[in-house]
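The values are calculated or read from the model by the stated rules, or taken from the named source; none is laboratory data. Owing to the predicted nature of the structure, the values given are computational and were not obtained by experimental measurement. Note that each Cβ is placed from the backbone with ideal geometry, even for glycine, and that neighbours are counted across all protein chains shown. We work out accessible area using only protein heavy atoms, side chains counted, and drop any ligands, DNA or RNA first. Shrake-Rupley method; radii C 1.70, N 1.55, O 1.52, S 1.80 Å.
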Amino acid sequence: MGGIERVVTDKANWLADRGHDVTLLTYEQGDHPFSFQLSPNVCYIDLNCRYFTVYKYNFLLRPFVKYRMKRTFRKRLHSLVERSHPDVMALPHNLNEFQNEITSMLPFVPIVYEAHSTSVELLKANVVSRWLKYYRIMKVLKKVNMVITLTHGDALFWRKHFNNVKTIPNPVSMPVDDLVDSKKEAGRILYVGRLNSVKRVDRLIQAFAMIADKYPDWHIDIYGEGEEKAYIEKLIQNCHLAKRVKLFAPSSHIYDEYRNSQFLVLSSDSESFSLVIVEAMACGLPVVSTDCPFGPRDIIEDGKTGLLSRLDSEDLAAKMEWMINHAEQRNEMGQRARETVKRYQAETVMTEWEQAYLSVLQ
């Protein structure tokens, strides 16, 4: 239940309801339920190639099992393409497991690669791993017909390697004018997102620990799951914030949580285009975010619709403290934020995506 899942579902629904013949293709979804509701107008197919099961085999068998799965994937994908003759294939994915199998489709169907992760995150590794990953990705992506980025900062990176690069943001899934105001819970700070190393939830907790004693009526509610959950829980205990910082599972009614909070905080090392920021602002919620590459600065006007901080706990704590102490300005920021994100409403943004796909056919 993340941003990519939200956007992919909304985009498939919008295009299908508009009259396009849309197929959503997964490869290891199996019988697991979808995080978000899919329109009955969208055709859904799962290739049932579960790469994650490779790791249940001993390391001597893994290369053979993985090779067999890739052959199965390629065979099933080719069969599907031959039957359906799609006009364009869009990939909102990092191409990690099946890049050669996907690009083998290029003689038959144009491919659009959607960069939902920033180039910073995509190439984050030690020097050798980064070079190998970079070489592998570039080798594949030089074959695709179009690259779509979510931010202008990321587009600068991709244009070093490709001519056909477009920037289209993520849309707000719910119309801004439909989001009525509600009474906000006093002293509630909100975080929504994955609990992983890139999101740096530890920075958020450390920042709050610096000011928590001064503001005993304030607390943080965190909505998310991830591999760092145990680490985050331990950090909360070590900072003596067990009664002030609570962890919750991802919510399918997250707009209610936005409307019930005073402001949102993002503490990431990198963001492509943070759907969380846009959703919060659509609910009249100002945002405090690290000024990380590349998304937040594209969305937040510093001092007008939110605050941008350096990538350190001290400055993040200072920006959070400013929000706590300036209720009137905080509310004004929220109202300006709500007006700002109207440019990300679905009808406008989805039309851009539709035109991008159609342009590949031309």
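Descriptive notes on the structure:
- The mean accessible area for residues of the chain, using a 1.4 Å probe and ignoring ligands and nucleic acids, is 49 Å² per residue.
- For the chain, a Gaussian network of Cα nodes joined below 10 Å ranks Ile277, Ile300, Ile236 by mean-square fluctuation, and the top entry is Ile236.
- Kirkwood Rh and Cα Rg combined as Rg over Rh, evaluated for the chain: 0.98
- Build a GNM of the chain with springs between Cα atoms under 10 Å apart, and of Phe59, Phe162, Phe36 the one that fluctuates most is Phe59.
- Centroid-to-centroid separation of the stretch 226-278 and the stretch 344-362 [C-alpha atoms, Å]: 32 Å
- Sequence-distant residues sharing a close amide H with Leu266 (under 5 Å, placed H): Val288, Ser289, Thr290
- Compared with the alpha-carbon gap, the fully stretched path from Arg188 to Asp312 is longer by 42.4 nm at 0.36 nm per residue.
- The gain in end-to-end length when the Phe248 to Arg18 segment is fully stretched comes to 79.2 nm, 0.36 nm per residue minus the alpha carbon separation.
- Under the Debye formula (equal points on every Cα, no solvent term), log10 I(q)/I(0) of the stretch 207-289 at q = 0.13, 0.23 Å⁻¹: -0.45, -1.38
- Among 256-262, 286-292, the peptide with the highest mean count of other Cβ atoms within 10 Å heads the list, and the full ranking is 286-292, 256-262.
- Radius of gyration over Kirkwood radius for the stretch 314-359, both on Cα atoms: the Rg/Rh ratio is 1.30.
- Cross-link pairs beyond the 31 Å C-alpha cut-off, checked among Lys11/Lys143; Lys166/Lys229; Lys229/Lys304: Lys166/Lys229; Lys229/Lys304
- In the stretch 1-81, the trypsin sites (Lys or Arg not before Pro) that fall in loop regions by DSSP, at most 14 other Cβ within 10 Å: Arg18, Arg50
- Accessible carbon and sulfur surface of the chain relative to its total accessible area, %, 1.4 Å: 51 percent
- Comparing Tyr231, Tyr67, Tyr44 in a Gaussian network model of the chain (Cα springs below 10 Å), the most mobile by mean-square fluctuation is Tyr67.
- The chain: angle of helix 313-325 to the longest principal axis, Cα-based, in degrees nearest 10: 60 degrees
- Principal-axis tilt of helix 62-84 within the chain, Cα atoms, nearest 10 degrees: 80 degrees
- Mean separation of Cα contacts under 8 Å (6+ apart) over length of the stretch 215-362, as relative contact order %: 18 percent
- Shape call, the stretch 257-355: gyration tensor on alpha carbons, a/c limit 1.5: oblate
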